[in-house]
Every structure is written in structure tokens, then in C-alpha cells.
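The values are calculated or read from the model by the stated rules, or taken from the named source; none is laboratory data. Not measured: the values here are computed from a predicted model. Using ideal geometry, Cβ is built from the backbone for each residue, glycine included, and neighbour counts are taken over all protein chains shown.
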Amino acid sequence: MSSKVEIHVVDSISEVDAEEWNALSDGNPFVQHEFLSAMHDTGCATVQTGWQPSYLLMRTGAQLAGAMPLYVKSHSRGEYVFDHAWADAFKRHGLRYYPKLLSAVPFSPVTGPRLMALTHADRVLLARGAIQFAKQMEVSSLHVLFPHEADLEALTDAGYMLREGVQFHWENFGYESFDEFLAKMSHDKRKKVKQDRRRVSDAGVTFRWLRGADVDDAALDFFYECYENTYREHWNAPYLTREFFEQIHATMPDAILLVIAEVDGQRLACALNIVAGDTMFGRYWGTKEFVSGLHFETCYMQGIEYCIVNGLATFEGGAQGVHKMSRGLLPTATWSAHWVADNRFAHAISEFLDQETAAMDVHIGELEAHTPFKRRT
């Protein structure tokens, strides 16, 4: 006799055993118990900041068979998949768009498991369970951002609409050295990269890579100063606190890679990347002063070089940025999935997504035609 499947919601990940949760994470650092706990424990993703945790759990008997990071959102900030036009349309028609339900990692536009389960059937059950919860909550809509490819079929089977986006990722084709990687680029792109690197070198800038135990409090303090400065330059408050980075360094230290730029031993700029398995995720950066080419070198070229030296397969460069192509990062389709309660709006959004997806496919095709690499003969 099979065990009964039960789906319920908890408002804190602390109510879930970390080992059980992480067993469903597929090794992705952004959905691991430690990362999500840090988001909540340090006040970054809470009811007060508009991220109300409502984690969906599916149990078969006593076993955790599935989980879904889920939030009740009172705004659309920190998501990187833009639905402001949808919110405006609801408002124009006198309807409420917020609150909505969101399955995502707060402030992290990175692909990963959202329907955290081991089988397709269980992923479909989770996706349908989230819709039932959305109906019970009487929210306008439910959105799943940056799901793994394995989630897409389940989301479609459960009745969600899919939306296509694009990011820029670097792939390691077995490069033995950074010079070999550059040699694969077209002449003009290779020349541009070398010129940019030379400007940084001529300014006296050198780089250090710090990971795990090599990252001390002083290095984290400097990174946060740079990170905070980036937000100040755009007249915004940073999403994440110094305590958040301190906590993830304490609970998952090997995931953090700091790239620190220095001049005459004085720290100038810093980028923080997250590393897991054979993948590196570019996340945050900042600098104390402008140096031509420093941003690209710190955030992308040093990241690529680290991947080559350490045999990593993929470097995800973060949200947006066609400019990343000239540094060897190539267009990669990303996805989100959406369920809308109001049938009229669901129909209108479905038609819009059909048109947008066709346009996005054309856009990605045009980008691919402008590859920075030499044409194969």
C-alpha cells in the first residue's frame, strides 16, 4: 500500500531539516538550506522587505519528497523578470495585482531547481499544489523564475505559461590556458580583450583570488564596501546586508570566490562569485574608483581565467548584458513560468507571450550570428 502524499506550507525554512531539503537541491547553492536561511535570518528576504516565505512541502509518509521555495510578494523588485506591464494592466482595469506568489531565489537571477523533487510526476504534483495554494490565497498570479530545464515540462503539464528570456554564459571547451581561449576568438574581439587587459595592467592593477578559508573578515568588509558603493552610485539601498555575506561564508565557505583588484598592495575593486560543482555564478561587484577596463577584467576575464585554471565547465555571467558577448559569453535562453487566476488576463498574457517568444527566438538567433569566436570551417 502506497503512502499518502500530503502538500502543506510552512512560513520558515527553519521548520525543514537541512539535510532533507538539501538532498533535493541538485547541488545548486542558491536553493540550499544554508543560502535561503541566510536570506531570512539576516533580514534580507522577510515580510518587512516584501518577501513573505511560504515554502511548499510535499511529503510521502514521513519522507520529504518535494519542496518549492515560494514567497508572497507585495512588489516586483529583486526578481529580474519584469512584469511591470502586467501589474499596470491590472491597475488600469481596477484589479489588484499584488500580492502575488513567486517561486524564485531572492535577488538572484540564476537558473536552478524550483520544483525540487526527484521524479517528473512529483514535480507536476508540486506545480499543481502551488496553483491550489495560489487559489486558496486568492492572489492574482503565480510566477516561477529561472527554473531548471527539468522543471519546464512539469510546469507546462501543470498548466503554466512559459516566458523566454536570455542571459550570457561562458562554456569551457577544454581550454588548457587563457591564451588558448583567446586564440579561438575572432581577431577584432581578441584585440579588444587584449587592449582592455593592457589598460588595467598599465594602471598597475593586479589580482588575487580568495576562496574558502582565505576569505577573512577584512576581505568581506572590503567587498561589502565596494558592493554598497555600486548601489549608492545608482541612488539605491543594497538588497543584501553585510551579515548575509558573513553568514553564507560561515555556513558554505567554499562557495564564495572573491576576485580582488589591487594597486601597490591597496585594494581597489572586488567581485564576489558563487562556485558549486563545475559551475561559477557571477554575482556582485564594486570599485572605489574608475579605471578603464577594470569592470570587465574583474567581473568577466578573471572569472573565465579562474574557470580555465580550475577546470570549471560553465560561468554564468548574471542578468542582461549584450556587451558580455565580446568577452566570450554567449546567449543562453532562460525561462520563467506563469499562472494567472483571471481567465481574461491569462488569455491576453498567453497571446502576448506567443508573440514575445517568437521575437526572443529571432533576437537570440541574431545574437548567435555575431559570435565573438572564429567561424569553424
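Would you point out which residue out of VAL200, VAL259, VAL205, VAL215 is in contact with a Phe, Trp or Tyr (Cβ under 8 Å, 6 or more places away or on another chain), not polar (S, T, N, Q) and not assigned by TED's automatic domain parsing to the domain that holds PHE107? Matching residue, one of VAL200, VAL259, VAL205, VAL215: VAL259. If the requirement is being among the aliphatic types (A, V, I, L, M) and within 29 Å of ARG114 (Cβ to Cβ), which of these qualifies: LEU145, LEU210? Every option except LEU145 fails the conditions. Scanning the stretch 266-278 for residues that are surrounded by fewer than 20 Cβ atoms within 10 Å (Cβ to Cβ) and out of contact with any Gly (no Cβ under 7 Å at 6 or more places or on another chain) yields GLN266, ARG267, ASP278. Taken together, the criteria place LEU162 among residues that are surrounded by 13 or more Cβ atoms within 10 Å (Cβ to Cβ), within 26 Å of LEU36 (Cβ to Cβ) and under 23 Å from the mean Cα position of the chain (by Cα). From SER108, SER140, which residue is at pLDDT below 95 and of a type in the set (S, T, N, Q)? Matching residue, one of SER108, SER140: SER108. Of the candidates HIS84, HIS93, the single residue that is surrounded by fewer than 16 Cβ atoms within 10 Å (Cβ to Cβ), of a type outside the set (Ser, Thr, Tyr) and closer than 30 Å to TYR284 by Cα is HIS84.
Would you confirm whether or not the stretch 352-362 contains a residue that is in contact with a helix residue (DSSP H, G or I) (Cβ under 7 Å, 6 or more places away or on another chain) and either acidic (Asp, Glu) or under 30 Å from GLN136 (Cα atoms) (or both)? Checked against the condition, which is being in contact with a helix residue (DSSP H, G or I) (Cβ under 7 Å, 6 or more places away or on another chain) and either acidic (Asp, Glu) or under 30 Å from GLN136 (Cα atoms) (or both), the stretch 352-362 yields no hits at all.
Within the stretch 24-47, the residues that satisfy the criterion of being more than 17 Å from ALA255 (Cα to Cα) and part of a loop (DSSP other than H, G, I, E, B) are LEU24, THR42, GLY43, CYS44, ALA45, THR46. Restricting to the stretch 48-94, and then to whatever is in a strand (DSSP E or B) and basic (Lys, Arg), can you tell me which residue is farthest from the chain's Cα centre (by Cα)? Among them, the one singled out is ARG59.
Tallying residues that are over 23 Å from the mean Cα position of the chain (by Cα), charged (D, E, K, R) and in a loop (DSSP other than H, G, I, E, B) within the stretch 106-142 yields 1.
Looking at the stretch 266-281, is at least one residue among the aliphatic types (A, V, I, L, M), under 19 Å from the mean Cα position of the chain (by Cα), closer than 23 Å to THR111 by Cα and at pLDDT below 95? Checked the stretch 266-281: at least one residue is among the aliphatic types (A, V, I, L, M), under 19 Å from the mean Cα position of the chain (by Cα), closer than 23 Å to THR111 by Cα and at pLDDT below 95.
When residues in the stretch 298-355 are screened for being in a helix (DSSP H, G or I), assigned by TED's automatic domain parsing to the domain that holds HIS93 and surrounded by 21 or more Cβ atoms within 10 Å (Cβ to Cβ), 1 of them pass.
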